[in-house]
Amino acid sequence: MNISFNWIDELAGLDGELKSPRVLADRLTMIAAAVEKVETVGAGLDEIVAAKVLEVGPHPNADRLSICKIDRGDGLVLDVVCGAPVIVKGGLYPHIAPGGTLPGGFSIESRKIRGELSHGMLCSEVELELGRDKSGIMQLSDEINPGVSVANVLGFPDTRLTLDLNPNRVDLACHIGVAREVGHSNEIQERVFDGPTWSPKWKDGDSRAKGAGVTICVEMPDRCSRYMAAVVRGVRVGPSPPWLTGRLMAAGSRSINNVVDATNYILLERNQPLHAFDLTSLRRSQVSIRAARDGEKLTTLDGEERKLMGSATVIADSDRAVALAGVMGGLDTEVTTDTVDVLIECAAFDPKGVRETARVAGLSTDASYRFERGIDQYAQERALIRCVELVLAVAGGEADLEGVRVGIEPTPTEDLPLRIQRVNQVLGLELEDTDVDRALTPIGLATVHPDSTSPDLLSVDGTMRIQVPGWRTDITREIDLVEEVARRIGFEEFPEKERRFRPSVVPNDPTVEKAARVRRVLVSRGLFEARSLPFMPEEYRGNRQIVAVPNPLSEAESYLRASMVPVLLRRLEHNFARGNRDVRLFEIGTVFCDQQLSSTNETDIEGARVVESQRVGIVLTGGRYPEHWSQDLVDVDVWDVKGLAEEITEQLCGARLLAVHENDMSELDSLGTSWLDWPRFRAVKSGKTIGVAGRVVSSSVDAPPWAASVFGLEFELEAVEKRLPTSYYETSQYPAVQRDLSVTLPVEVEASSVEKALHDVTSDLLESVRLFDVYEGDELGKGRRALGWAFRFRASDRTLTDQDVESEMLRLSDALEEQFDARIRKS
Amino acid sequence: MTLSGASLLDQLSAVEESGFDAIQKARNPDMLEVARVHYLGRNGQLADAMALIADVPSNARREVGQRANAVKKGLTAALEQQAKSFTGNASEGVTVRDSTLPARTRWVGGVHPVTRVIDEICDIFADLGFSRVQGPEIESLWYNFSALNIPLDHPAADTMDTFYLDDEFVLRTHTSPMQARVMENHQPPVRVMVPGLAYRRDSFDPSHAPAFEQIEGLAVDEGVDFIEFRSAIRHFVHQFFGKSTESRFRPSFYPFTEPSAEVDVSCTVCGGSGCSTCKRTGWVTIMGSGMVDPAVFEAVGYDPERYTGYAFGMGPARIAMVRHGIPDMRLLYEGDMAFLEQFS
């Protein structure tokens, strides 16, 4: 919303420091609506004067140019070359003489244009930095004299404030609304128009009325509670007087002609949208407010033909739609320079109806903005009278003595009760009724005096009654009034005090600590946390039911993420594209799918079950360590990934990591792990799979030739356990004894089963078992391999003897020979 | 004073013996270098012994001198021999001489800058008695809109901005639905922080993302008033942005709070003098907030006459952008290692 500082000053009678636009802007920001921009309008126009065009002649060397003889009011006649398509003989235009400077800093000199000397130039709005209309030279009203300062007559310089209105404060979309916030509602000084006044004789009807030679019929009272009209005959449509043009420009609006400008002025002054029709083009002088017909067409003022539907509301004459109700007028009934008689509409359209009409037409206008948010239901009559008076003042003509009013006059709003104790409860202040009254009265929220005989009495039993004015459609409850009190006091004026508080009864969500645990571990292992958009393309669907995003922003984002790794692989590709070979990313986020490793939240979307759960995804590729000149580059391999997976599974989740055999693929596929290649691992907790890890299948990543193998891990955050304190155990003070054992075994015997067998037979003297070597060679025999195991023995109460250790070793090797086809290798 | 040749010869033998021992025990170039300095260095044991030769009677000097040279030669040879045993690791032989060579490093990881902002914010409010909870991202119309006093025909519920999954469920457009969920399940005092993702149909551009982090805060109890609300937020601003950061509350509108306020902080980039981060205003908006609207209390079954409270919402991504001077929101979601490494 653009606001003219001069206009506010005229209405509110600003005094003190508010006379400064900057201070006013700050005040408005702190009490009403944020001021986003403060800009000067019409500065640097000192050298621009009104010049009268005496003659317009062709330019001998250019068809598109003309030569104007102009009078600057100093008795001299100057030639000016002009490129505008239309220059009216006898019209007045802004002129800058040679030696002058335009607001943009451009200096004007006498110079020849296509061989003809031009003494300065006639200026457009753009050249004067007054507006965006560069279609032609800015024509001034005929009523001003040549030679006067253009800035003076336009009322410049002025300052334009751009307000960012809160959606509930549509009342601030006009100058009176803003003036109330900084002045006093009862002391608003409306501009006096130099023209006749209009006190009509009203012709009323609930849904239909005739008067001033026109018939008004409201067919849809639910979409239009009130429709008023006036007729002015014999207007002279032309440029507005400069004060009006200047006002509109300062408020960011474009001057069109005096009649249209008058309706716009009233809109910007008091928030009531009005529309002027060319009366002659309204067939049978009939106006009805009705639903559009499906497929009905209407060309609006902006020249667009709009195809309508029945949910839109139109203004129609006897034959056709002539305007979109509350949105925009039609081109056929537009007021032009040929117009002589006008009908001025002033109505209260329903917010929902206007929203629908605007939606159908695909339009949003100054009028629809206000109607959609709710305008003052009591303001139409005053706005119409004022608009008629302004038309008479700026365009002449004669107003019909009859005015037409259709619809039922709204009943006055009820007063709202306001308890002082409630105000203080919410705000924490110790206000009294006088404080509340002082805060609210200036913006028109008047205290209803309970006893007319004692004007000082403001409340009864601590309750005030507040009369809410029609323009405050947002105030319907006591709490709305409490907000007004706080706002009027100013949020920054509240004292700061420490308050005691009671801590929350709501327990922390355990997921938070789980996520923090995961982050700590992964960051310490050199991984970076990524955050991706949680969407994915259909190709990652697999055979699962996944959640489609309706009207997705792109194909790649047409489904909600159903697993983490595929989305992280796109982040990996981003890094590959930047030439980054070493990538270690993890992400904790939500996945959505019909099947989950575990479930946290379930919904039914269109009959399909959707389970939402939090997962951790990891992708790893590239060097195991940063490169160093002392050693060869070693890439992350499956054993690194198995180690990380084991750490997560065993230490964080208290679960077990199992190698997945090639003949066992069924379960994992249903979990959305189509990215998982061999070798792969599965984390199992209480018989359920809670995570997977392994190499990423090469078709899942678009990897450059220089990339290393890619690995992925994904597991349920839910499976992570809270970290519990562990119990201390005494460590032995006696030395350990180390022994190695090399065994050859058939290759089918898995290391894990050997290790298990060793653990099963051992006594508590065996402290640890470690595989230190795997060897396959012809001398071992076909289908055999050697596994080298290192054992560490220790007793808690003595130093072990050779005999102790030897008998342990014997037990271990016997067990292996017994359980497997094992042969002990002698070293 | 004079020194007998024999005692100096004994001393040299001792140096020789312990020197050989140290050299042989050296298991890496560093240990070897320590041994070299100790025995063969300019102020080493051998040099000390040789300095004493001058004090030996002249007739014995020759023998002692020869012995000293032999010890030096022997130790030097042993040193070279031992150094050669390390050359399987050629490079380590070099480190001994040139310690300006680059060090060996390890991968370091890091949490995302937005996570850090979320954690810091939640920690500050934890001091004010707030616990931390999370909620579902697929949310019903009731929790996402109606319970928060947002009519379904309100612009905020418009299909333009909301991802509707069907007639009943949406991807939550804010973290505020958890206000209602928490209050339905607990009686006051309720103080919670709710970080999480929210979804809006915004195109992905420098200042918008279709899914973005939000943090909701809610405090409800008897006697919670606007003064407490403002003091709590100011405490947060000072803790998070620093004592010298100014803040201001200005009127705003949210259907689920009243009075509603937006909170601005003085721009931490320019200090309030105006820059592109603050759009030349000197202020950056960090949260929407207000006193909980009684209609929300009614929706969750709290007595609005008895309980009052405040609620606020922040965008940690935007705060991270302001804090680190990140010009484009999309950088946060690219997973670019070079970006993430800056915050490790």
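In the stretch A:191-210, which residues have a backbone nitrogen under 17 Å from the label point lying 7 Å from A:Arg382's Cα in the Cα-to-Cβ direction?
Only A:191-193, A:198-200 pass the distance filter.
How much length is gained on full extension from A:Thr197 to A:Ser807, taking 0.36 nm per residue of separation minus their Cα-Cα distance?
Full-extension gain reported as 207.4 nm.
Largest first, please: the extent of the C-alpha atoms of chain A along each principal axis, to the nearest Å.
128, 85, 56
Cα to Cα, under 16 Å, and not fewer than 8 places away if on the same chain: which lysines meet these conditions relative to B:Lys25?
B:Lys84
When a/c reaches 1.5 or more, the comparison of a/b and b/c decides; with that in mind, is the stretch B:194-244 rounded, prolate or oblate per its Cα gyration tensor?
oblate
Taking chain B as a whole, which cysteines find no other cysteine Cβ under 4.7 angstrom from their Cβ?
B:Cys122
Explain nothing, just compute: Karplus ³J(HN,Hα) = 6.51 cos²θ - 1.76 cosθ + 1.60, θ = phi - 60°, for every residue of the stretch A:519-533 in order, whole Hz, x for Gly and Pro.
Karplus-based 3J(HN,Hα) across the stretch A:519-533 equals 4, 4, 5, 5, 5, 5, 8, x, 9, 10, 7, 10, 10, 10, 5 Hz.
Set the Förster radius R0 to 22 Å, insert the Cβ-Cβ distance between A:Arg283 and A:Asp338 as r into 1/(1 + (r/R0)^6), and round the FRET efficiency to 0.05.
Numbers: r = 17 Å, r/R0 = 0.77.
Once rounded, the FRET efficiency stands at 0.80.
Too long at a 19 Å Cα-Cα cut-off: which of A:Lys514/A:Lys685; A:Lys37/B:Lys243; B:Lys243/B:Lys279? Let's see the in-between values first.
Numbers: A:Lys514/A:Lys685 16 Å; A:Lys37/B:Lys243 29 Å; B:Lys243/B:Lys279 23 Å.
Beyond 19 Å: A:Lys37/B:Lys243; B:Lys243/B:Lys279.
Evaluate the charge dipole of the stretch B:113-343 about its Cα centre and quote only its size in Debye, nearest 20, assuming +1 on the Cβ of each Lys and Arg and -1 on the Cβ of each Asp and Glu.
Dipole size: approximately 920 debye.
Each label point is 7 Å from the Cα along the Cα-to-Cβ direction; what then is the distance between the points at B:Ser344 and A:Arg208, in nm?
Inter-label distance under the simple model: 8.3 nm.
Give the distance, in whole Å, between the Cα centre of the stretch A:700-765 and the Cα centre of the stretch B:1-52.
One Cα centre to the other: 48 Å.
If contacts are Cα pairs under 8 angstrom and at least 6 residues apart, what is the relative contact order of the stretch B:5-86 in percent?
42
Taking θ = phi - 60°, what integer Hz values does the Karplus form 6.51 cos²θ - 1.76 cosθ + 1.60 yield along the stretch A:407-412, in sequence order, with x for Gly and Pro?
x, 9, 4, x, 6, x
Going Cα to Cα from A:Lys307, which lysines come in below 17 Å? Please leave out same-chain ones fewer than 8 positions away.
A:Lys297
Using only Cα atoms, locate the centre of the stretch A:223-248 and the centre of the stretch B:101-121, then give the distance between them in Å, rounded to an integer.
66
Mind checking which aspartates and glutamates have their C-alpha under 16 Å from A:Lys722, skipping anything on the same chain fewer than 8 residues away?
Once the sequence-local aspartates and glutamates are set aside, what remains near A:Lys722 is A:Asp509, A:Glu513, A:Glu647, A:Glu650.
Using only the Cα atoms of the stretch B:113-343, construct the convex hull and provide its projected area averaged over every direction, in square nanometres to one decimal.
Taking the Cα atoms of the stretch B:113-343, their convex hull projects to 12.5 nm² on average.
Can you list residues from other chains, or at least 5 along the same chain, whose modelled amide H is less than 5 Å from the amide H of A:Gly526?
B:Gly109
Which far-off residues, 5 or more places away or on another chain, put their amide H under 5 Å from the one on B:Glu258, with H placed in the peptide plane?
Hits under the 5 Å cutoff: B:Met291, B:Val292, B:Asp293.
With r defined as the distance between the Cβ atoms of A:Glu55 and B:Asp167 and R0 fixed at 60 Å, what FRET efficiency is calculated, to the nearest 0.05?
Computed FRET efficiency for A:Glu55 and B:Asp167 comes out at 0.25.
At what distance in nm do the modelled label points of A:Arg438 and A:Lys756 sit from each other, each positioned 7 Å from its Cα along Cα→Cβ?
Result for the modelled spin labels: 8.5 nm.
Using alpha-carbon pairs under 8 Å, 6+ residues apart, how would you state the relative contact order of chain B in percent?
This gives 15 percent for chain B.
Would you please state which residues of the stretch A:785-806 a label at A:Thr731 would reach in this model, taking the label point 7 Å out along Cα→Cβ and a backbone N cut-off of under 19 Å?
Backbone N within reach: A:792-800.
So what is the relative contact order for the stretch B:190-344, in percent, with contacts set as C-alpha pairs under 8 Å and at least six apart?
Answer for the stretch B:190-344 is 25 percent.
Classify the stretch B:5-86: rounded, prolate or oblate, from the alpha-carbon gyration tensor (a ≥ b ≥ c, eigenvalue square roots; a/c under 1.5 rounded; otherwise prolate if a/b is larger than b/c)?
The shape class here is prolate.
Between B:Gly290, B:Gly44, B:Gly282, which gets the highest mean-square fluctuation from a Gaussian network model of chain B, Cα cutoff 10 Å?
Sorting by GNM fluctuation, first place goes to B:Gly44.
Relative to the longest principal Cα axis of chain A, at what angle does helix A:564-577 sit, 0 to 90 degrees, rounded to 10?
Once rounded, one gets 80 degrees.
In whole Å, how far is the Cα centre of the stretch A:539-586 from that of the stretch A:60-88?
Their Cα centres are 66 Å away from one another.
Give me the one-decimal nm value for the distance between modelled label points at A:Glu817 and B:Leu52, 7 Å along each residue's Cα-to-Cβ direction.
A separation of 6.3 nm, rounded to one decimal place.
Given a Förster radius of 51 Å and the C-beta distance between A:Asp797 and B:His238 as r, what FRET efficiency does 1/(1 + (r/R0)^6) yield to the nearest 0.05?
0.30
We did not get these values from a lab; they are worked out from the coordinates using the rules stated. No experiment lies behind these values; they were computed from the predicted model shown. Here the Cβ is made from the backbone with ideal geometry for all residues, glycine too, and neighbour counts use every protein chain on show.
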